[in-house]
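Structure first, commentary second.
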Amino acid sequence: MSPPRSPLAARPGLQGPGVLGRKYVRRAPDAPLEVVGETAAAPSQKPRPATRQSLLSSSKLVPLFVALLIGCQLVLLVNAIAPLRMVVRILAFGLSLGLLVLVPGRALKHPALPFVLGAMGVTALNFFHPGTVSPMGGAAQLGIQLSIMAPLFWVTRLSIDSKTFRLTLALLFFFNTASAAVGVLQVYFPGRFQPVISSAVQSQGDSYLRSLEFETASGARVFRPMGLTDMPGGAATGAFYAVLLGSGFLLSSRKGAARWVSAGGILVGLVSLYLCQVRAIALTLGVCLAAMSFVLMLSGRLARLVKLVAVVGTAAVFAFGWAVAVGGDAVQSRWNSLFEAKPEDVYRSNRGHFLEGTFEHLLPEYPLGAGLGRYGMANAYFGDNSDPEHPPLWAEIQWTAWVYDGGALVMLLYPLGVLVSMAWVFQAARRREDAGEEFWLWGSVIFAYNLGALALTFSYPFFMSQVGMEFWLLNAALFGAWNHAKTLHAHRR
């Protein structure tokens, strides 16, 4: 009878990976197995050196790109850069086009991509429209449009995690809060923090400039707060995003300091918004906060809903008293007028006639578009306005710009892309299981953000500016981060 064999624990040569690629011998009947050699196919046991990830493949590229956009906007406020203003503006859009080409990988298919690509295709066909009298202006128009939607491609090629997405939002929150705070200081200290007004505004004449001023409680006449922009009333945009993004950080922060910073941003944003006296943006903010509250209620997060209502409601009351104490009767009478008439009447008396003119006159005149390079920055820098049959055009709101770009088709496809983005984000906001990353919360914030963007298309050309690029960047980043978390943490769902 043969002696019992040694347990497997006594056979170190049979353990671990690579056992099938080794040759074993037994020197004696009861001796343990010994490795005498490895076949050529045996895998190496040495650890492979870690591959260094390039910046163009790193998710850090997204917050870095946002920081560069912020830098370009700040540089425009420096008087010495005035001769290079066109270069700086082009740089912001050129960076997005460059990343569209340079970022490697395969993009995820965002739900809005087919609609936005369709709108872009119709716009590209307008390059051959008889109204495109300047090929350089038309090419610039196409470049701007492509750069704004480009984040849908290059952002989704990156493996973005929730931390990177949160950092991106934090950069936008701090910049917009800073813009709102500077706007408040511009009223407190007239003339001390005021940048040079945009040449486009100055060209409107003295009477128009005086209409952008108001008298403060101290008796000084100041422009509506510009913040970190060169447009009177421009701080209102920063105030809007300071309140909206601050609300998201207020609900997501678990540390007391972060909550106080978020609440402070909300308060400063509301004070700045009251001083700017831009009622359309205030109404848009109210709709966005109501939408966020609705999503929180629908998903059963009532504790967070109570916190949001309590903090923002208290800040709104306190901020109004603060703004009236600084801005005087002009501020109070401006906001009182909002309640003296219906909101739709207030809009109609300000921007409403542009919307009516777009549907009643411009769309029948340009059902397939008006040609490229005839309005906006593309016309100002590269357009040719010498043809009297095709004079330059003016787009005060985004819907007018869509008619110029491609008529009824673009006016249909691009808003559909925005609505599809909202629908996907809404579904993400309603999910209860998201691998612990709180995508439901940021889905609620981005849903309100998207609703605000859609509303702002009725006030100015939102998707012809950097904020339009930021819109697609944030939606693409949330889509990429959610898909990355779903793949990485599939065992936790």
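The values are calculated or read from the model by the stated rules, or taken from the named source; none is laboratory data. Being a predicted model, the structure only gives us computed values, none of them experimental. Note: ideal-geometry Cβ built from the backbone for every residue, glycine included; neighbour counts use all protein chains shown. For accessibility, only protein heavy atoms count, side chains too; no ligands or nucleic acids. Shrake-Rupley method; radii C 1.70, N 1.55, O 1.52, S 1.80 Å.
Computed values, structure above
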{"item": "Answer residue from segment 262-295, given it is assigned to a helix (DSSP H, G or I) and of a type in the set (S, T, N, Q) and is surrounded by the fewest Cβ atoms within 10 Å (Cβ to Cβ) among those", "result": "Ser293"}
{"item": "Residues within segment 214-233 that are more than 14 Å from Val326 (Cβ to Cβ), touching a helix residue (DSSP H, G or I) at 6+ places or on another chain (Cβ under 6 Å) and open to solvent by 40 Å² or more (accessible area, probe 1.4 Å), tallied", "result": "0"}
{"item": "Condition broken by Asp161, with the remaining ones in (1) touching a Phe, Trp or Tyr at 6+ places or on another chain (Cβ under 7 Å); (2) surrounded by fewer than 18 Cβ atoms within 10 Å (Cβ to Cβ) satisfied", "result": "(1)"}
{"item": "Failed item in (1) open to solvent by less than 10 Å² (accessible area, probe 1.4 Å); (2) in contact with a Phe, Trp or Tyr (Cβ under 6 Å, 6 or more places away or on another chain); (3) more than 23 Å from Arg351 (Cβ to Cβ); (4) not hydroxyl-bearing (Ser, Thr, Tyr), with Phe426 passing the rest", "result": "(1)"}
{"item": "Residue list for segment 94-132, restricted to those being of a type in the set (Phe, Trp, Tyr) and in contact with a Leu (Cβ under 9 Å, 6 or more places away or on another chain)", "result": "Phe115, Phe127"}
{"item": "Lone qualifier among Ala92, Ala42, Ala50, Ala82 - being farther than 27 Å from Leu169 by Cβ, surrounded by 15 or more Cβ atoms within 10 Å (Cβ to Cβ) and at pLDDT below 85", "result": "Ala42"}
{"item": "Enumeration of residues in segment 85-99 that are under 19 Å from the mean Cα position of the chain (by Cα) and within 17 Å of Val196 (Cβ to Cβ)", "result": "Arg89"}
{"item": "Residue in segment 234-254 that is least open to solvent (accessible area, probe 1.4 Å), counting only those that are assigned to a loop (DSSP other than H, G, I, E, B) and more than 18 Å from Ile70 (Cα to Cα)", "result": "Ser253"}
{"item": "Test for Arg304: is it open to solvent by 30 Å² or more (accessible area, probe 1.4 Å), in a helix (DSSP H, G or I) and touching a Leu at 6+ places or on another chain (Cβ under 7 Å)", "result": "yes"}
{"item": "Single residue of segment 440-493 satisfying the filter (polar (S, T, N, Q) and open to solvent by less than 10 Å² (accessible area, probe 1.4 Å)) that is modelled with the lowest pLDDT", "result": "Ser444"}
{"item": "Wholly within segment 106-184, helices (runs of 4 or more DSSP H) carrying at least 2 residues that are out of contact with any Cys (no Cβ under 6 Å at 6 or more places or on another chain), at pLDDT below 90 and acidic (Asp, Glu)", "result": "none"}
{"item": "Test: residue in segment 193-209 that is over 27 Å from the mean Cα position of the chain (by Cα), open to solvent by less than 40 Å² (accessible area, probe 1.4 Å), small (Gly, Ala, Ser) and over 30 Å from Asn379 (Cα atoms)", "result": "no"}
{"item": "Boolean, Arg259 is open to solvent by 10 Å² or more (accessible area, probe 1.4 Å) and in a helix (DSSP H, G or I)", "result": "yes"}
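Conditions (1) acidic (Asp, Glu); (2) under 20 Å from Leu454 (Cα atoms); (3) under 18 Å from the mean Cα position of the chain (by Cα), marked per residue:
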{"position": "Leu245", "(1), (2), (3)": "no, yes, yes"}
{"position": "Ala257", "(1), (2), (3)": "no, no, no"}
{"position": "Val261", "(1), (2), (3)": "no, no, no"}
{"position": "Ser272", "(1), (2), (3)": "no, no, no"}
{"position": "Ala290", "(1), (2), (3)": "no, yes, no"}
{"position": "Leu298", "(1), (2), (3)": "no, no, no"}
{"position": "Ala303", "(1), (2), (3)": "no, no, no"}
